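One structure below.
The values are calculated or read from the model by the stated rules, or taken from the named source; none is laboratory data. Every value quoted in this text rests on a predicted model; they were computed, and no experiment measured them. Every residue, glycine as well, gets a Cβ built from its backbone with ideal geometry; the counts of neighbours run over all protein chains shown.
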Amino acid sequence: MIKNILVGFGKAALALVLLFWLYQKGVLDFKVLSKLFSPTLILVSLLNLVLSYYFASWRWQILLKVQKIRLPRWECYKLNLVGLFFNYVMPGGVGGDVVKAFYIVKDHPQNRMGAGMSVLLDRVMGLYAMLLLAIISLCFHYSEVMANPQLKMILQSLVVLFIGFSLALSLALSDQFRQAGWKKYLENTRIGRKFLSAYEAIHSYSQYRKILFQAVVLSLITQVLAISLIAWLGFQLGFAETPLSIYFSVVPLGFMVTAIPISPAGVGVGQMAFFFLFNLFMGYESQVGPTVITAYQVLNFILGLSGVWFFIQRKSSLKEVEGSLGP
């Protein structure tokens, strides 16, 4: 418990230090962000986010069905909002995905591993779509990317990562690999048995490849909505000169960086990543990156506040969630 709190404070401190540095450098202007608090802007943005999380909840729902868990889409939506809220406020390693996993496992004790793995696979499908979208966007600017050593390295790294991702997923779903006889070496240890249980939960999707394809498509829709919102925020906040194609190239990359649990909900780290990436793609220093991701995070937090109500409706306390992680 104390360790989690200290880790949480450390992450929050890092986020504040990075935000302060960007503010001192003059690339994060909070006066520009004051334009965000327009009723029309907030309403349109929240409608976009509501729709985006609808598709994300749909993705999770179809992944749960493979595990024989029939959860209404509205219930998936509520748990996603609870997870969104805790991405911002939960200390230590207890992020939104852990809270979602806790509740879905608690509600379906007959299939604990399958329920928990659905949360992991849901995140994996989202990251897979980010990789795919980033590669496609960069390929639209292939000649420019190849002429820039840094962009060329980013594209090559993404392609290698995507191929590795695809091979690992194909291996996990392969019936031939499952029957190869390697499992007997893991059955005699506790860690090995847990690994095998997790592996079987993932392999259960091998007969439902159409569902995995649907999950990727839903992820792409979610990503396109998010990118469109961020581009629209950039236009509304005074960065009309930034081409839409830049957003489609940068935002998936920035999202992948913010997915690393270094700071709460990627605050601070996201600003640094978007600052670097937008400057790299545009060829000059601009406020657009830190500004648009900050606006996007603020709007996500506002929507995430609705998750508080759904969390209160749950009987399990925060201590139970933390206790589920062990000492």
key: Residues within the stretch 66-81 that are on the phi > 0 side of the Ramachandran plot and within 22 Å of the chain's Cα centre (by Cα), tallied   = 0
key: Any helices (runs of 4 or more DSSP H) falling wholly within the stretch 224-306 and containing at least 3 residues that are within 19 Å of Ser52 (Cα to Cα)   = 244-258, 288-304
key: Residues of the stretch 189-234 satisfying the condition of being touching a helix residue (DSSP H, G or I) at 6+ places or on another chain (Cβ under 9 Å) and basic (Lys, Arg)   = Lys194, Arg209
ask   = Restricting attention to the stretch 135-169, which residues are under 22 Å from the mean Cα position of the chain (by Cα) and farther than 14 Å from Leu253 by Cβ?
value = Val160, Ile163, Gly164, Phe165, Ser166, Leu167, Ala168, Leu169
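Would you point out which residue out of Gln223, Gln236 is more than 21 Å from Gly126 (Cβ to Cβ), surrounded by fewer than 24 Cβ atoms within 10 Å (Cβ to Cβ) and of a type outside the set (Gly, Ala, Ser)?
Working: Gln223 fails: more than 21 Å from Gly126 (Cβ to Cβ).
On inspection, the qualifying residue turns out to be Gln236.
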task = Please enumerate the residues belonging to the stretch 250-274 that are at pLDDT 90 or above and not aliphatic (A, V, I, L, M).
result = Pro252, Gly254, Phe255, Phe274
message = Looking at the structure I just gave you, is Ile293 surrounded by fewer than 16 Cβ atoms within 10 Å (Cβ to Cβ) and among the β-branched types (Val, Ile, Thr)?
response = no
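Within the stretch 215-268, which residues are more than 18 Å from the chain's Cα centre (by Cα) and touching a residue at least 12 places away in the same chain (Cβ under 8 Å)?
Filtering the stretch 215-268 for residues more than 18 Å from the chain's Cα centre (by Cα) gives 231-246.
The answer is Ala231, Trp232, Leu233, Gly234, Gln236, Leu237, Gly238, Phe239, Thr242, Leu244, Ser245, Ile246.
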